[in-house]
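Laboratory data are not the source of any read-out in this text; all were calculated from the coordinates shown. A quick note: this is a predicted structure, and the numbers were derived from the prediction, not measured.
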Amino acid sequence: MQIVIVAPVEANHQLATAPSHLGLRLAAATPPRYRVNVLHPQTPAALSQATQREGTALYVLLWSIPLSSQLVAWMVELAAQHTLLLAWRAPTPAPVAQLLEFCDAVVVGDIQRLWGRLLADAESQRLLPCYAEIDIGAPVV
């Protein structure tokens, strides 16, 4: 299975460097049987170009920037061909219902703790709509 981890950043955003480090940590924690690419596009236009891939893949979006209509349009287009999993990392509450309109699954909380389960669920094509983590580290689904 091909996995594409997308960690878009905005130069002026307060969390601009956090997704990049997380993307690399997830890639390093991924078993070698998966093919992993980590992308760090700086603009919606670069995001669109960077994510054009042949075949299908699991796209993992590490999101820490506000949703814009242009970014939502890109996600809708991407979801038409690929499995789309969005990890909400923005400082505002996750609009889960809105995100599920164009994502296959949404992760709220620490994606690293759920990474193994997410990969297994995606590989078996049994992703749940929403994954969340409570303080003790146990997944709540």
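A straight chain from R126 to V96 at 0.36 nm per residue would run longer than the Cα-Cα distance by 9.0 nm. Is the C-alpha gyration tensor of the range 82-123 telling us rounded, prolate or oblate? Criteria: a/c under 1.5 is rounded; beyond that, a/b larger than b/c is prolate, otherwise oblate. It is oblate, given that a/c is not under 1.5 and a/b is not larger than b/c.
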